[in-house]
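Some notes on the structure that comes next.
The values are calculated or read from the model by the stated rules, or taken from the named source; none is laboratory data. Note that the structure is predicted; figures quoted are calculated from it, not measured. Note: ideal-geometry Cβ built from the backbone for every residue, glycine included; neighbour counts use all protein chains shown.
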Amino acid sequence: MIKNNFIQEKRSHESAAKHVSGYARYTDDISEPAGTLFGAIGWSKKSHAIIKKIDLEKVIKSEGVVAVVTSKDIPGRNDVGPVFDGDPIFPKTKVEYFGQPLFAVAAKSTELARQAVLKAKITYKTLKPIVEIKDALKKKSFVLKEQIIKKGDPIKKIREAANRLKGEFTTGSQEHFALEGQVSFVIPQEDNDFTVFSSTQHPSETQQIIAKMLKQKSNSINVIVRRIGGGFGGKETQSFIFAAICTLLAKKTKHPVKLRMDRDDDIIITGKRHDFYSEYEVGFDELGVIEGINIKLASRCGISPDLSGAINARALLHIDNAYYLPNVLVENFLCKTNTSSSTAFRGFGGNQGMMVIENIIDNISRSLKKDPSEIRRRNFYQKEKKNITHYGMKIEDNIIHEIFDSLIKSSNYKSRQLDVKKFNLKNKHLKKGIAITPVKFGISFTTWHLNQAGALVHIYCNDGSVHVNTGAIEMGQGTYTKIAQLVANELGLPFNKIKVSATRTDKVPNTSASAASSTTDLNGAAAINAINKIKQNLASYVKRKYKTKNSDAIYKDGYVIFKGKSFKFNSLIKEAYLNRVSLSSSGFYATPKIHFNKKAFSGRPFLYFCYGAAVSEVIIDTLTGENKILQVDILHDAGKAINPAIELGQIEGGFVQGAGWLTMEEVKWKSNGQITTHSPSTYKIPAVNDMPKKFNVEIYKYGKNRENVVNKSKTTGEPPLMNAMSVFFAIKDAIASTANYNKIPIITAPATPEKILMSIKNL
């Protein structure tokens, strides 16, 4: 009998062996046909300036250069903005950030191309840039209109509250730093068509942007993505400009062109996570229960809207995290600065909003000299009451109490908290801290039309093998593996009979980005929809041919079982083909129930919520500010996990990335707008030594999605990142111990050694 249980099975990533052996083919690994040229981009050395003259004479004459392109070579739309204009491929008269592309060359080698662009002579009239959020607020420099959410009468409730706190807080930016940088490879075809290989999370929009740039029909552009080496949101929109420039070079030269960015250039040119500044005032009772809260948010959006509207909206929608806010006012300002356009990053604004409320909750607990875990729990959403969010959505799947309480017990949080305090009494310069934080994260695109997916499924008649195409991008997260597991389970076939192949715009059109933690939910459901159509074809045939009374069939162990009639799967497929039954179908899925009024900021923007909690214990050196994570315990809700091994990997990886954002990854700009942290030597990401020796991660064993999603699972893409909040607040707890827990430490994210020392000094 064939093993058939592929759901909830710990199965390795479908490309795991290829990843570790080096045989996995990425865009840059595609063999180059004869005559392939190589691209490089010339970018601005000013952050805000009028372009007086671009002299490219020496560039054109440089060794190996075949072609140079500027804005004059663009026949159509000179912009890669996904929603609004504001991101020109090449600006005509003015540069707005340090690193903005101005022109590009195609040469006979990458080295010659990169050498050539350095020979450009550009004359500027320098203008004063706006770099910092506070400066943008003063000058009322914004990319979009202010966003506001109001519920109840927060100002009155704050005024009447027994206790009040005011303060400000910031969370920093973050570089995506994917293992595979930005890269595109374009091959011209006949009829002025182009095949585009791009390391992108959004092939369909890549197709559309190139078509608009060239003033061609979308059907002349075919975008293909087999896998990308990490995205984290940095290839949702930021890949567009490289694919567009590469295609423009291919069109002009009539040769294949590969454009692979140097790591420094990649970081300098591309956008990053939005950093946020916040001011708050909160009123609360003697037990620490919030009665009213007023928050002013502002984010650094860079030169254009990019995806800032949706990202900032998600920040507002997650300003509650797991807490019931009866009276709330949040005003959010989307600041225009002379920096690269900030963009999507794992969490998509939600985590920035969650950090604001967690800092407020922590400050409330310290002002009352209470255990922060107690104050957190008292403010949690409830089951039957206090279950309506500040945007009007009823929470129907709340399990935060169960997860939080279970983790407190399993991690020995209470006893370890006492041990931490004992340690701190005995040690003068080394101090420990411990914290537990919750996670409630909404799942769906907040842009309604993006909550859809397509699929194309073929079953081959000679051997019954199955070929699947979807709009999903495999970027290391294991979505191909999970979709193959779902398909294998639906058809009762061994896993090795299913192949999920490259995403292609000529097979599955009009796809949404692989983002918003919705990739498997959407594309897995679309694949199953296609399979169900093929099943209907088979059932109709069997009912017609064999006069079966019931058309419902069980697909199990390589057999198809009807009432009164059983077939081997391969035999039925061959028979169906010989009788002209279609064994191919497209599939489609649209997320149900969701609706959201963006103007009123109300509705049901999410299909469901993911929950989690984490306990982190840290140690800091009060003389140097150095810190170390000693132990982490995570309990996370993955519903009925499709593949527990992959989900565990996502939870662990998300935590590490979040810890990097909140403790060490610091993006810095000079006052003139020049980014200074643009290489591994100046920008620190977590390494193995930065991780705890004790790292306990568990999937909540009672998890089950109450909504009708594939396998009743829940995503583990974005939500686990915010388990890392526990690290930041553990550091804050350690700082508090230096003043005997009698003062509220003031520290912002990331909690670098310098900031830790400053916080200790100011207590």
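Data overview
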item	result
Options Ile531, Ile483, Ile473: the member that is more than 27 Å from Phe609 (Cβ to Cβ) and either crowded, with 19+ Cβ neighbours inside 10 Å or modelled with pLDDT of 95 or more (or both)	Ile531
Some residue of segment 499-509 being over 29 Å from Trp448 (Cα atoms), outside the structural domain of Gly442 (by TED's automatic domain parsing), surrounded by fewer than 24 Cβ atoms within 10 Å (Cβ to Cβ) and not polar (S, T, N, Q)	yes
Looking only at segment 680-701, and only at residues there that are of a type in the set (D, E, K, R) and touching a residue at least 40 places away in the same chain (Cβ under 8 Å), the one that is surrounded by the fewest Cβ atoms within 10 Å (Cβ to Cβ)	Lys693
Residue count for segment 46-93, restricted to those that are basic (Lys, Arg) and in contact with a Ser or Thr (Cβ under 9 Å, 6 or more places away or on another chain)	4
Residue satisfying all of: in segment 405-416; under 17 Å from Phe729 (Cα atoms) and more than 33 Å from the chain's Cα centre (by Cα); surrounded by the fewest Cβ atoms within 10 Å (Cβ to Cβ) among these	Lys414
Breaking point among (1) polar (S, T, N, Q); (2) within 28 Å of Gly442 (Cβ to Cβ); (3) surrounded by 16 or more Cβ atoms within 10 Å (Cβ to Cβ), for Thr677	(2)
Failed item, numbered, when Val80 is tested on (1) within 26 Å of Trp669 (Cα to Cα); (2) out of contact with any Phe, Trp or Tyr (no Cβ under 7 Å at 6 or more places or on another chain); (3) of a type outside the set (Lys, Arg)	(2)
Single residue of segment 313-370 satisfying the filter (out of contact with any helix residue (DSSP H, G or I) (no Cβ under 6 Å at 6 or more places or on another chain) and among the hydroxyl-bearing types (Ser, Thr, Tyr)) that is farthest from Asp266 (Cα to Cα)	Ser367
Residues located in segment 456-470, provided they are part of a loop (DSSP other than H, G, I, E, B) and either in contact with a strand residue (DSSP E or B) (Cβ under 8 Å, 6 or more places away or on another chain) or outside the structural domain of Ala526 (by TED's automatic domain parsing) (or both)	Tyr460, Ser465
Meets criteria (polar (S, T, N, Q), out of contact with any Cys (no Cβ under 9 Å at 6 or more places or on another chain) and under 30 Å from Ala16 (Cα atoms)) for Ser585	yes
Selected residue (criterion: nearest to the chain's Cα centre (by Cα)) from residues of segment 362-386 that are polar (S, T, N, Q) and more than 16 Å from Phe404 (Cβ to Cβ)	Asn363
Residue satisfying all of: in segment 562-595; surrounded by 15 or more Cβ atoms within 10 Å (Cβ to Cβ) and at pLDDT below 95; nearest to the chain's Cα centre (by Cα) among these	Phe562
First in segment 588-611 and without any contact (Cβ under 8 Å) to a residue 60 or more places away in the chain, second anywhere and surrounded by 15 or more Cβ atoms within 10 Å (Cβ to Cβ), Cβ under 9 Å, 6 or more apart	Asn597/Gly603; Ala600/Tyr391; Ala600/Gly392
Within segment 471-522, tally of residues that are basic (Lys, Arg) and part of a helix (DSSP H, G or I)	2
Filter pass, Glu14 being part of a loop (DSSP other than H, G, I, E, B), touching a Gly at 6+ places or on another chain (Cβ under 8 Å) and either under 30 Å from Ala484 (Cβ atoms) or free of Cβ contacts under 8 Å to residues at least 12 places away in the same chain (or both)	yes
The one condition in (1) in contact (Cβ under 8 Å) with a residue 40 or more places away in the chain; (2) farther than 26 Å from Phe98 by Cβ; (3) not small (Gly, Ala, Ser) that Glu190 fails to fulfil	(1)
Filtered residue count, segment 627-674, keeping only those that are within 22 Å of Asp405 (Cα to Cα), in contact with a Phe, Trp or Tyr (Cβ under 9 Å, 6 or more places away or on another chain) and surrounded by fewer than 22 Cβ atoms within 10 Å (Cβ to Cβ)	2
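Residues checked against (1) surrounded by fewer than 18 Cβ atoms within 10 Å (Cβ to Cβ); (2) in a helix (DSSP H, G or I); (3) not assigned by TED's automatic domain parsing to the domain that holds Leu249:
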| position | (1), (2), (3) |
| --- | --- |
| Ser62 | no, no, no |
| Asp79 | no, no, no |
| Phe84 | yes, no, no |
| Ala113 | no, yes, no |
| Lys119 | yes, no, no |
| Tyr124 | yes, no, no |
| Leu137 | yes, yes, yes |
| Lys150 | yes, no, yes |
